[in-house]
Each structure stands twice: as structure tokens, then as C-alpha cells.
Amino acid sequence: MADRKPVKVTEEQLEEQRQFMREVRALPQRPRSYFVVTYGCQMNAHDSEILAGMLRDMGMEEAHDRENADFVLFNTCCVRDNAERRALGNVTWLKEVRKRNPNLVIGVCGCMIQQPGMAEKIMKQYRFVDLAFGTSNLYRLPELLCRTLNSDRAVVEVEDEDTIAEDLPVRRLRQDAAYITIMYGCDNFCSYCIVPYVRGRERSRDMDDILREAETLRNSGVKEIMLLGQNVNSYGKGLEGGATFAELLRRLDDMDIPRIRFMTSHPKDLSDELIDVMRGSRHILPQFHLPVQSGSDEILRQMNRRYTREQYLNRVRALRDAVPGIGLTTDIIVGFPGETEEQFQDTMSLVKEVGYDSAFTFIYSPRKGTRAAAMDGQINEAVATDRIQRLIALQDQCQKEAMARFLGQEEEVLVEGLSRRSDKAVSGKGRHGVSITLPGTEEDVGQIVRVRVNEIKNNTLMAERL
Ligand code: SAH
Ligand code: SF4
Ligand code: F3S
């Protein structure tokens with residue numbers, strides 16, 4: 001594995017795909033509409049925007065829902081068992097839809113397919129699937145779809161290459177905010193995690209390519225960019241010229257894009273240089289997603305996270321010193337193999353000590369092929385469920401306390417849409433990453449609005465316009 005080199009997709013290869021797009025467009029039997037169903041993280045959400053971009057360029061329109069689409073593509077996740085089961089359940093359900101629409105084309109792609117033996121298993125057990133492909137050959141969708149439409153047999157293609165493809169078409173979910181992937185894959189091999197196996201080795205895009213993309217987005221009026229990677233802090237590893245994430249942020253900060261966010265950061269790679277950039281920045285938002293996973297040193301060691309509780313807390317203090325009031329969020333796993341009640345209490349005390357604005361909490365899910373799946377001391381479900389409930393209750397309490405710092409404060413909200421509770425209100429995220437509701441109409445969507453927070457309701461900040 002160690003000698004795998006990233007492969008940059010060439011202009012000729014991209015041109016070949018554009019040729020396939022033209023071919024699909026000319027096919028009489030081609031689907032007229034598509035629907036992409038997305039599971040998993042932001043990386044997948046952005047991949048789906050690219051898939052949709054390619055489908056649009058093949059002359060298809062987005063359907064309102066999957067029941068009415070001619071081509072349904074599932075972009076799957078396998079980080080936990082339930083993500084995988086949900087995807088497969090929905091694929092099966094489409095079999096019924098196909099009875100009504102015999103021309104329906106069903107595709108499955110993404111992380112789940114990239115697991116060893118999975119594509120074969122799907123094709124055997126789900127014979128109605130027409131097309132399956134993995135994460136590294138996503139850019140070849142035009143070719144694969146073309147082959148599918150020209151044949152009676154299913155097309156399956158899973159490669160094990162670490163590709164980087166530039167300049168793919170994108171159909172963005174939002175006009176005012178955009179994702180930019182800055183690095184692919186992960187080399188960390190946390191013992192519970194499947195991502196390094198399904199997303200390949202860590203590889204960074206050239207800084208110039210990223211800056212060019214950011215510039216285009218800024219010129220088209222985008223107000224917020226979100227930089228994506230499984231471990232954005234280690235951006236630049238393997239690139240010539242010693243590029244770092246801090247350097248990339250500095251260059252982006254000078255570009256006058258109103259808001260810049262990023263995720264995910266690994267605590268072990270969070271450098272002082274990066275914290276310094278955040279301190280002096282104009283556009284990098286005062287928020288930080290810093291997954292801790294556990295508050296116990298022994299569990300952290302077993303997880304192969306390569307930091308201690310104290311080192312983590314030290315990073316939190318450094319961030320708070322540099323950016324007072326910074327919005328902190330995290331990911332936590334409970335029920336890792338061998339986790340004792342006492343070790344779980346270490347996680348509880350850490351949550352109390354940090355006081356996160358929000359925390360994504362997960363019950364450990366064994367993933368085949370990972371080191372933790374073979375460890376002794378797998379925790380039973382009842383114990384794990386009890387722990388996560390106690391953790392969620394504690395975090396809820398901590399969140400309320402954390403939110404109090406916004407009362408009476410001014411904020412800026414990038415309005416995302418009408419509020420679900422009232423048609424005279426809109427909501428969006430403040431600079432610190434917290435949801436804020438304010439009076440407004442459809443016209444405010446995509447605008448940055450100055451507000452003052454005057455109430456906290458169910459962990460949402462209610463604000464008035466300034
Ligand atoms: N690269 C990011 C996120 C990876 S996946 C990071 O390192 O933080 C998102 C989250 O899913 C992880 O932070 C972790 O909390 C959770 N997760 C990953 N594998 C898991 C597993 N096997 N069981 C339960 N949760 C898991
Ligand atoms: Fe998974 Fe760890 Fe990589 Fe995150 S850093 S993707 S948790 S292996
Ligand atoms: Fe899931 Fe793949 Fe993301 S496994 S969490 S979609 S990288």
C-alpha cells in the first residue's frame with residue numbers, strides 16, 4: 001500500500017469522458033431525468049454534486065423525487081453499519097418502482113462499493129442493479145453509463161487507484177455556498193475506521209488548482225466556501241514546495257471570499273501556525289470541528305488516535321486563546337471495544353470540561369477489515385445504548401450553557417432558507433457555526449444579515465435584525 005502514488009487524471013482522459021457524454025446525449029434510450037441519493041459525509045455530498053453535474057451535461061434533468069426519475073444513483077457510505085443498511089434497504093425498494101417503470105436505471109456508487117468483495121456481492125444479491133462503481137473512478141460515470149445503456153448486462157467497475165480529477169462539472173446544491181475538496185483519502189488508520197480502505201491514500205490537490213477554483217467561485221458571487229478533506233490539517237503532505245494547510249488558508253483569506261470554513265481537522269496535526277492564521281484572519285470563521293472520539297487515554301491509544309486527553313485539551317485552550325468565543329464541535333464514539341464505565345466517564349468529564357456547541361455522538365460499529373473489529377471486549381448493545389443516552393443528555397445540558405455566551409451579542413447570519421416553524425422567519429448559520437433564526441422572507445436567502453441574539457429556544461438562537 002505504501003508505494004501507491006496518486007494519479008492525476010489527464011486532460012486526454014477527461015476529453016474521452018466528454019466524448020462519452022456526447023454519446024449518451026445522442027442515445028435514444030437514454031434516461032431523461034436523474035435523482036442522486038446521498039448518504040454519509042460532506043465529501044460524499046460534494047461527490048454527488050459532481051455526479052449531478054455530469055448527468056446534467058449528459059442532457060438529463062433532476063427529477064423531483066426518486067419515484068419519478070429514469071436514473072436513480074445511490075452514493076453510499078459505509079462508515080457505520082446503519083449507513084450501509086439504509087442504503088441497501090432503499091435500493092431494494094426501488095425494485096418495486098422498476099415494475100412500474102421498466103426503463104428505470106439503478107446505479108450504486110461510493111464508499112460502500114469500494115469495500116473488498118462488495119461489488120460482487122451486490123451484483124449477486126441485488127440483480128436489478130444496472131451499474132456499480134467506486135469512489136476513485138467517479139469521473140468515469142459518462143463512460144460507465146454509456147456502456148450500461150448499450151448492454152443488457154450490469155456494468156461493475158471498482159478501481160483501486162488514488163485518483164485526482166480536476167475540472168469536473170459541478171451542479172451545486174446551494175448558490176451562495178460551495179464545497180471545495182482540498183485533499184482526498186486518509187492515512188491515519190484509526191483502528192475503528194473504514195475510510196482509509198475505501199477512500200484510498202491521502203493525497204492533496206495542487207494549491208494553484210484550489211486557488212483557481214476558489215477564485216471562480218468568488219467571481220460567481222459565492223459567499224461561503226467549505227474546504228473538505230478527511231484530515232485537512234495535513235494538507236500538502238507529498239506536494240512539492242512544502243505547502244501547508246495554514247499557508248493555503250492564508251492565501252484564501254486574502255481573496256475576499258466573505259466566509260471560509262473547513263472540515264475535518266485531526267487534533268494531532270493541529271499546528272500553532274494554523275492557530276496563528278486563524279487569529280489574524282479576516283474571513284476564516286471562528287469555528288472549529290475537532291473530533292475527540294474519547295476522553296480516555298487508554299481508549300485513545302487503542303483507537304490509534306495518537307494524542308492524549310491532555311494534548312487535546314491543550315489544543316482547545318490554544319484555539320480559545322487565539323479566537324475567544326470560538327465555536328467548537330466534535331465527534332465522539334462510545335462503546336469502543338474494552339471501554340469500561342470508568343473510561344466512559346473520562347469522556348463525560350471531557351465533554352463537560354470543553355463545553356462544545358454541539359457533538360456528533362456514535363455507538364461504535366465494527367467494520368470488517370479494521371483492527372478494532374478483531375479486538376477483544378466488544379461492548380454489548382444495551383451497555384452502549386445506555387452510555388450514548390447519558391452522553392447525549394450531558395451534551396444537551398452543556399450546549400445550553402455554551403449557547404448563553406451569544407445572548408445580547410451581534411452576529412452575522414448567512415441565510416439558508418425559510419424557517420421550518422414560521423413563514424415570517426428565516427434561518428441560517430452564524431459566524432460561529434450555530435443556527436440562528438431571524439425575521440425575514442425568501443428574499444433574504446443567500447444574503448448575509450447582521451443580527452442581535454436575544455433569546456435561546458430549543459438550542460436555536462433567536463435574533464432581531466440590526
Ligand atoms: N476524518 C474525520 C471523520 C471521519 S468519519 C475524522 O477523523 O474525524 C466521521 C466520524 O464517524 C468519526 O469522527 C467517528 O466519530 C465516526 N466513526 C468512524 N468510524 C466509526 C465506527 N466504526 N463506529 C462508530 N463511529 C465511527
Ligand atoms: Fe477515519 Fe481516523 Fe481517517 Fe478520520 S482520521 S477518516 S476517523 S481513519
Ligand atoms: Fe461515509 Fe465514505 Fe464519508 S464511508 S463518512 S461517505 S468518506
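Overview of values
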read-out	value
Under-5 Å amide H pairs with TYR235, H placed in peptide plane, nonlocal only	PHE245
Karplus (6.51, -1.76, 1.60) ³J(HN,Hα), θ = phi - 60°, over region 193-199, in Hz, Gly and Pro reported as x	9, 8, 3, x, 7, 9, 10
Tensor-based shape of region 184-285 (alpha-carbon gyration tensor, a/c under 1.5 rounded, otherwise prolate or oblate)	prolate
Sequence-distant residues sharing a close amide H with VAL105 (under 5 Å, placed H)	PHE71, VAL72
Integer Hz, Karplus 6.51/-1.76/1.60 couplings in order for region 117-130, x for Gly and Pro	x, 5, 4, 4, 4, 5, 5, 7, 7, 10, 5, 7, 6, 9
Filter on LYS8/LYS368; LYS237/LYS368; LYS223/LYS457; LYS8/LYS121; LYS352/LYS400 - keep pairs with C-alpha separation over 20 Å	LYS8/LYS368; LYS237/LYS368; LYS223/LYS457; LYS8/LYS121
Cα-based Rg and Dmax for region 382-466, where Dmax is the largest Cα-Cα distance (Å)	14.9, 49
Relative contact order (percent, whole number), the chain, Cα cutoff 8 Å, 6+ residue spacing	10
Low-density loop cleavage sites - GluC sites (Glu not before Pro) in region 157-252, where at most 11 other Cβ are within 10 Å (DSSP)	GLU240
Cleavage-rule hits (trypsin sites (Lys or Arg not before Pro)) in region 102-160: DSSP loop, at most 16 neighbouring Cβ within 10 angstrom	ARG127, ARG153
Set of lysines near LYS95 by C-alpha distance (under 16 Å), chain-local residues within fewer than 8 positions excluded	LYS124
Global size of region 16-91 as Cα Rg and Dmax, reported in angstrom	13.6, 40
Rg over Rh [alpha-carbon atoms, Kirkwood Rh] for region 289-406	0.98
Descending semi-axes in whole angstrom, ellipsoid equivalent of the chain, from the Cα gyration tensor	36, 28, 24
Segment ARG86-ASP208, length gained on full extension (0.36 nm per residue, minus Cα span)	40.1 nm
Fraction of beta bridges assigned by DSSP in the chain that are antiparallel (%, nearest 5)	35
Charge sum, other residues only, whose C-beta stays under 14 Å from SER296's C-beta, Lys/Arg counted +1 and Asp/Glu -1	-4
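Bear in mind that the values in this text are calculations on the coordinates, not laboratory data. Keep in mind that this is a model prediction, so the values were computed, not measured. Methodologically, a virtual Cβ is constructed for each residue, glycine included, from the backbone with ideal geometry; neighbour enumeration extends over all protein chains shown.
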